[in-house]
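First comes the structure, then the notes that go with it.
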Amino acid sequence: MTPSAVPAPGLEQLLSFTTPMDTCRGMFFNGLLEAVRTLGGDEARAKCFTAAGEKRFVDFFSYPVADFLQGVFTAAELLGPEHGGRDAVLRQLGRRATEDFLHSTVGKTMLALAGPEPFRLLSSFPSAYRASLSYGERSVARVGEQRARLMVRRDFLPVAYNEGVLIAAMEQSTARELHVEGHRLAPLDVDYELRWA
């Protein structure tokens, strides 16, 4: 499959697609802010906190994804020059989101039920996303012995961020030599191709 020619939407376009009903859990805001502090210090964290709406975030409460997007894009812009570029930062932030989720009660339960088999773990993703996000649809298809596709529809997060999420989650399985690549089909629709050994 060749990379998609559909351009990635910018922050303003993404914000125009969101509604007040589109939310994510506070743990992702808290993880984002802590990751930014680790990578860029207190000043960078303060700028992201301001961009995200200057609220105190309770881990399992839900907050507008529009606020989260503003924090994520601010972080990528601030930290990109010193940390390998915007996409590299987004992947790190996605990894952090997965770590935070897997330390939650829901995440621990998901891991316990899925076990270490890669496709079985990946198959648990749609329900894990439903526990964390109010928007979008996700489904999984096996496309080979050690290949799968996660089809994501109406998702606001950047491709590189979600690639980081998927890599960090699949590292909990027996998958080795993991490769994840997103292909944008429409502004909010992406297929993620996963291969492993």
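The values are calculated or read from the model by the stated rules, or taken from the named source; none is laboratory data. Only a predicted model underlies this, so the values are computations on that prediction, with no experimental measurement involved. Neighbour counts are summed over all protein chains in view; Cβ atoms, including those assigned to glycine, are modelled from backbone coordinates with ideal geometry.
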(request) Within the range 120-134, track down each residue that is closer than 22 Å to Asp155 by Cα and surrounded by fewer than 19 Cβ atoms within 10 Å (Cβ to Cβ). (result) Ser123, Ser124, Pro126, Ser127, Arg130, Ala131, Ser134
(request) All but one of (1) surrounded by 15 or more Cβ atoms within 10 Å (Cβ to Cβ); (2) within 19 Å of Asn162 (Cβ to Cβ); (3) touching a residue at least 40 places away in the same chain (Cβ under 8 Å) hold for Gln13, so report the exception by its number. (result) (1)
(message) For Val140, only one of the following conditions fails: (1) touching a residue at least 24 places away in the same chain (Cβ under 8 Å); (2) touching a Pro at 6+ places or on another chain (Cβ under 8 Å); (3) surrounded by 14 or more Cβ atoms within 10 Å (Cβ to Cβ); (4) not charged (D, E, K, R). What is its number?
(response) (1)
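Rundown of residues vs (1) polar (S, T, N, Q); (2) surrounded by 15 or more Cβ atoms within 10 Å (Cβ to Cβ), yes/no style:
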| position | (1), (2) |
| --- | --- |
| Lys47 | no, yes |
| Thr50 | yes, no |
| Lys55 | no, no |
| Phe61 | no, no |
| Gln70 | yes, yes |
| Ala75 | no, yes |
| Gly80 | no, yes |
| Val89 | no, yes |
(message) What's the number of the only condition in (1) closer than 17 Å to Tyr161 by Cβ; (2) in contact with a Lys or Arg (Cβ under 9 Å, 6 or more places away or on another chain) that Phe61 fails to meet?
(response) (1)
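Answer yes or no: is there a residue in the range 102-119 that is in contact with a strand residue (DSSP E or B) (Cβ under 7 Å, 6 or more places away or on another chain), over 27 Å from Ala66 (Cα atoms) and not hydrophobic (A, V, I, L, M, F, W, C).
At the first step, the residues of the range 102-119 found to be in contact with a strand residue (DSSP E or B) (Cβ under 7 Å, 6 or more places away or on another chain) are 119.
When the remaining residues are screened for being over 27 Å from Ala66 (Cα atoms), the result is 119.
So of that shortlist, the ones also not hydrophobic (A, V, I, L, M, F, W, C) come out as none.
For the range 102-119, residues in contact with a strand residue (DSSP E or B) (Cβ under 7 Å, 6 or more places away or on another chain), over 27 Å from Ala66 (Cα atoms) and not hydrophobic (A, V, I, L, M, F, W, C): absent.
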(message) Considering only the range 33-43, I want to know if a residue exists there that is polar (S, T, N, Q) and touching a helix residue (DSSP H, G or I) at 6+ places or on another chain (Cβ under 8 Å).
(response) no
(request) Would you check which residues across the range 34-45 are without any contact (Cβ under 8 Å) to a residue 60 or more places away in the chain and either of a type in the set (Gly, Ala, Ser) or surrounded by 20 or more Cβ atoms within 10 Å (Cβ to Cβ) (or both) and list them? (result) Val36, Gly40, Gly41, Ala44, Arg45
(message) What's the total number of residues in the range 10-41 that are of a type outside the set (Val, Ile, Thr) and within 17 Å of the chain's Cα centre (by Cα)?
(response) 17
(request) Could you please find all residues in the range 119-167 being part of a loop (DSSP other than H, G, I, E, B), among the small types (Gly, Ala, Ser) and on the phi < 0 side of the Ramachandran plot? (result) Ser124, Ser134
(message) Going residue by residue through the range 157-171, is there one that turns out to be closer than 21 Å to Phe29 by Cβ, of a type in the set (Ser, Thr, Tyr) and modelled with pLDDT under 95?
(response) no
(message) Can you confirm whether Gly71 is of a type in the set (Gly, Ala, Ser) and within 30 Å of Glu193 (Cβ to Cβ)?
(response) yes
(message) Given the criteria over 26 Å from Ala112 (Cα atoms), outside any strand (DSSP E or B), among the aliphatic types (A, V, I, L, M) and in contact with a helix residue (DSSP H, G or I) (Cβ under 7 Å, 6 or more places away or on another chain), does Ala175 qualify?
(response) no
